[in-house]
1. Contour minus end-to-end for D36 and K128, with contour as 0.36 nm per residue of separation and end-to-end as the Cα-Cα distance?
2. Divide by every residue of the chain the summed helix terms, -39500 (n - 2.57) for each DSSP H run of at least 4, and state the resulting mean residue ellipticity at 222 nm, rounded to the nearest 500 deg cm²/dmol.
3. Of the heavy-atom accessible surface of the range 87-147 (probe 1.4 angstrom), what whole percent is carbon and sulfur?
4. Whose amide H sits under 5 Å from the amide H of I272, counting only residues 5 or more places off or on another chain, with H placed in the peptide plane?
5. Express in whole angstrom the spacing between the alpha-carbon centres of the range 358-416 and the range 430-465.
6. Can you work out the Karplus-derived ³J(HN,Hα) for every residue in the range 259-268? Use 6.51 cos²θ - 1.76 cosθ + 1.60 with θ = phi - 60°, whole Hz, and x for glycine or proline.
7. Please list, ordered by chain and number, the residues whose modelled amide H lies under 5 Å from the amide H of Y386; skip anything fewer than 5 residues away on the same chain.
8. To test your reading of the geometry: what angle, between 0 and 90 degrees and rounded to tens, separates the Cα axis of helix 445-455 from the longest principal axis of the chain?
Amino acid sequence: MAEKKLSVNDIATFCKKKGFIFPSSEIYGGLSGFFDYGPLGVELKNNLKKLWWKAHVHEREDIVGIDGSIIMNPQVWIASGHADHFEDVLVECKKCHQRFRADQLVEEKLGINADGKSPEELHELIVKNKITCPNCGGELSEPKSFNLMFKTYIGPKQTSESVAYLRPETAQVIFTEFKNVMDVSRKKMPFGIAQIGKSFRNEISPRNFLFRCREFEQAEIEYFINEKDLNNCPYFDEFKEYKVLALTKDMQEKNQEEKETTIGKLVERGVIKSKWQGFWIGFEHKFLTRVGIKSNHLRIRQHLDNERAHYSLDTWDIEYKFPFGWKEIEGISNRTTFDMSNHSKHSKKDLRVFDEKYKEKVMPYVVSEPSLGIDRLVLTVLFEAYEFDDKRGNVVLKLKPEIAPIKTAVFPLVSNKEELINKAREVFKVLNSNFNSLFDKSGSIGRRYARQDEIGTPYCITVDFDSLKSDDVTVRFRDSTRQERIKIKELAEKIRQFMSEDNCS
Ligand code: GAP
């Protein structure tokens, strides 16, 4: 957060040093917009994905999951509108030939939201405000649209017939598999299909570390209802009184700042257009707090008319207060019947379903599409958790125990006593069969604690000479440094209990 004066470069440096995330193919000079997750990063990311799947699939009876292919029949992207509309506006410096996203240049220079402006509007702003190349000061070319899909070829012949695309969103597989999933899962609307997977966008200027990459992961749900049931949401009351910081379209047009309100009030005023959409915005916001993001660091922002994607009737972003400003980490759109109708039309397959409640055949209506970027979530939880502790003289990564890469670290008090090492190894074996754990016998105990604080390990366990007599160990809690003596036979169960209570103090 701003008060921590932590920049995105600080986080990137920290991630590399500690083994969370590395720039991709660095030994060859790297590749802009691509990253590799290291030993700790993959654990953190997997824990987040596991928790997302638990909250959205396993804990709900109205959602099932799939895992679809990355490359799909190219017709999909014609039907979905991505072939024509999935574009950003590009400008090129006439002198140094560097390319930029025109809306970003305008935003940086004028401090306005330029998302969704046309090439003509951006050209006018660039000329009027004498915006030049940020790299060399050169004159900028006329802005033009640039399609963000990565092209590839299927099979050995590289012809126009063999062109295919890496998917720019995971959502389309859900639409094309809708019928199969509905048939086999015996679900009735309202119900949702969830998926976590890679997406690819040939971003003009990837930036801010994991925030804007060219290869990233998305966790998406398409939630299908009969359009007649827009306000017939059995889960809505759970979120009626749920508090959020909100910035509506109207407030943005009046240059106002976000204000605290409830989901119920926004739906009552018709700002959020249905109870289902209200429910999903509340549900997603709550999920983000569940992984450790403070509610006052999040706001929901309604898209302006000119920034909504081509398929959307209404979109709300959940934004996080990054050091580089409030930015989207998740989008929640009402996609209507746009995709299902288009796929029906282009594939010539009837994708309507029979709704027993209304005794009619209807096109499934996507009332909400919660779409979360997993890499942006990783970046966000790292910003939230990172604290430099002046007293300890080291970073303490205050991750929720459930998402911490390593849950327990086991230390023999000294490294030159065989019996202590053997006893500590026994404790480690038991813990490691329960949670991802680590054994460390090198350096002073203080140094070993510091190493674990820095990577967010919530519980450090020291085996000392008393442990040999009384079969107990010292558990040290990451956030408070409090210590508690616990019997070895009770240890795994106690740690499980601390984790379930989110107790690191
Ligand atoms: N299916 C809807 C969709 O893709 P989006 O707003 O374009 O909507 C959804 O993307 C989420 O995917 C974003 O909120 C963000 O978290 C993530 N995302 C999008 N582009 C990204 C990029 N270039 N790098 C990292 N994450 C990205």
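The values are calculated or read from the model by the stated rules, or taken from the named source; none is laboratory data. It should be emphasised that the depicted structure is a prediction, and the values quoted were computed from it without experimental measurement. Neighbour counts run over all protein chains shown; Cβ positions are idealised from the backbone, glycine included. All accessible areas refer to the heavy atoms of the entire protein, side chains included, with ligands and DNA or RNA removed. Shrake-Rupley method; radii C 1.70, N 1.55, O 1.52, S 1.80 Å.
1. That pair, D36 and K128, stretches by 29.0 nm at full extension.
2. Using -39500 (n - 2.57) per qualifying helix, the result is -9500 deg cm²/dmol.
3. That share works out to 46 percent.
4. Answer set, sorted by chain and number: V267.
5. Centre-to-centre (Cα) distance: 20 Å.
6. For the range 259-268, the Karplus curve yields 9, 6, 8, 10, 4, x, 5, 5, 6, 4 Hz.
7. For Y386, the qualifying residues are K398.
8. Relative to the chain, helix 445-455 is tipped by roughly 10 degrees.
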